[in-house]
Amino acid sequence: MTRRAVRLIWVLTGLCLIAGLLASGALLLGAPDRPWHQALRELSTLVDVLALLLWMGIFAIYWARRRPRP
């Protein structure tokens with residue numbers, strides 16, 4: 001797990017999760033009649049989907065590097 005690409009993907013996944021958490025918190029605490037409410041909801045969804053795709057990419061890298069057993 002010390003490969004640079006894997007560490008970068010872990011950092012990006014964490015940043016996406018933090019951004020999704022902040023967007024969801026703003027939606028929860030904000031007034032529902034604001035004009036940016038729908039755009040923030042879509043942004044939160046997109047960031048969560050991106051985090052999921054990055055997480056799947058991490059496992060794809062691990063799966064590709066796995067050594068076959070004799």
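Throughout, read-outs are computed from the coordinates displayed, never taken from laboratory work. Small disclaimer: the values here were computed from a predicted structure and weren't measured. In this analysis, Cβ positions are derived from the backbone assuming ideal geometry, glycine residues included, and neighbour counts consider all displayed protein chains.
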May I ask for the angle, rounded to the nearest 10°, between helix 37-65 and the longest principal axis of the chain, with both axes built from Cα atoms and the value confined to 0 to 90°? 0
What is the dipole size for the stretch 24-70, taken about its Cα centre, with +1 at each Lys and Arg Cβ and -1 at each Asp and Glu Cβ, in debye to the nearest 20? 560
With 0.36 nm assigned to each residue of separation and the Cα-Cα distance removed, residue 52 to residue 4 gains 15.3 nm
